[in-house]
Amino acid sequence: MRREAIPSTPSRGSNLYLVGFMGTGKSSIGRELARSLGYRFLDSDAWIEEREGRSVREIFAAEGEEYFREREADFVREHPREGCVVACGGGLVTRPGRLAALGEKGVVVALYASPETIHQRTSRNRNRPLLQVENPLARIRELLAEREPYYREVPLGVSTDGRSFGEVVEAVRRIYRSARA
Ligand code: S3P
């Protein structure tokens, strides 16, 4: 397949937002999509960490979850309006009005994975405070059940189970292209 050249000036298309549970691949898929579209890659967690000068884990430990959710609200208000692929933290859309705010700036795509896949993908990473519990798989099932209604509000979704990285990237790219056309 022919590789697309990366434009020397950033593209100015509407943003592409990836939402979904932890471990569904938002950051890795998003980074690759940004590269191929010639967009800037943004990660809401990284944006908050940079502004706060501390990690998500430290923020949760020192200030609690609600403080972090408010910083996500700052991100939603303040990030650029176009030319970005944005990986949204898994809980970002679980507060009122967040999804609508993203939808005003661009195309929102939800990524899905089974609890087992999520467990496998997140077990190597200790930087997810909500999963630092004795039985992470049970916690994943519980949180997924709570959050499913929010993710299902997004009309465009891609299941990542049984699909290669490249297949997911392509599927999201197609959706983005037809949604913004
Ligand atoms: C969270 C997901 C994390 C991060 C924080 C809380 C959540 O982001 O924002 O640990 O509530 O689901 P990722 O989805 O990028 O892991």
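When only Cα pairs below 8 angstrom with a gap of at least 6 residues are kept, region 15-180 shows a relative contact order of 34 percent. In sequence order, region 139-146 has phi-based couplings of 5, 4, 4, 4, 5, 4, 4, 5 Hz under the Karplus curve 6.51 cos²θ - 1.76 cosθ + 1.60, θ = phi - 60°, and Gly or Pro positions carry x. Put in order of Cβ neighbour count within 10 Å, fewest first, the listed residues Ile175, Ile48 become Ile175, Ile48.
Amide H contacts for Ser14 (H built 1.01 Å from N in the peptide plane; partners 5 or more residues away or on another chain; cut-off under 5 Å): Gly83.
Mean-square fluctuations from a GNM of the chain, with a 10 angstrom spring cutoff on Cα atoms, peak among Leu16, Leu143, Leu33 at Leu143. Amide H contacts of Arg54 (H built 1.01 Å from N, in plane; Pro and chain starts excluded): no residue 5 or more places away or on another chain comes under 5 Å.
Put a plus charge on the Cβ of each Lys and Arg, a minus charge on the Cβ of each Asp and Glu, and nothing anywhere else: the dipole of the chain about its Cα centre is then about 720 debye.
The residue among Leu42, Leu16, His119 whose Cα reaches farthest toward the positive pole of the charge dipole of region 15-180, with charges on the beta-carbon of Lys, Arg, Asp and Glu, is Leu16. 3J(HN,Hα) along region 46-53: 5, 4, 5, 4, 5, 5, 7, x Hz, from the Karplus curve 6.51 cos²θ - 1.76 cosθ + 1.60 with θ = phi - 60°, whole Hz, x for Gly and Pro. For region 58-100, trypsin sites (Lys or Arg not before Pro) are listed when DSSP marks them as loop and at most 12 other Cβ atoms sit within 10 Å of their Cβ; the list is Arg81.
Of the beta bridges in the chain, as assigned by DSSP with both residues counted there, near 5 percent are antiparallel.
Expressed in units of 2.2 N^0.38 Å, where N is the residue count, the Cα radius of gyration of the chain is 1.00.
Remark on Gly106: its backbone amide H falls under 5 Å from none of the residues 5 or more positions apart or on other chains, H modelled at 1.01 Å from N. Across region 150-156, computed HN-Hα scalar couplings (Karplus, 6.51 cos²θ - 1.76 cosθ + 1.60, θ = phi - 60°) run 5, 5, 5, 5, 7, x, 10 Hz from first to last residue, x flagging Gly and Pro. Considering only Glu58, Glu170, Glu134, the mean-square fluctuation computed in a Gaussian network model of the chain, springs between alpha carbons under 10 angstrom, is largest for Glu134. Dipole of region 15-180 computed with +1 at Lys/Arg Cβ and -1 at Asp/Glu Cβ about the Cα centre; of Gly157, Gly64, Gly91, farthest Cα towards the positive end is Gly157. A Förster radius of 25 Å combined with the Cβ-Cβ distance from Glu65 to Glu116 puts the calculated FRET efficiency at roughly 0.50.
When shorter helices are ignored and each DSSP H run of at least 4 residues is given -39500 (n - 2.57), the per-residue value for the chain at 222 nm works out to -15500 deg cm²/dmol. The ranking of Glu49, Glu153 by Cβ neighbour count inside 10 Å, starting from the fewest, reads Glu153, Glu49.
Every read-out reported here was derived from the displayed coordinates using simple, explicitly stated rules and does not represent laboratory data. Everything quoted here is computed from the prediction, not taken from an experiment. Virtual Cβ from ideal backbone geometry, glycine too; neighbours counted across all protein chains shown.
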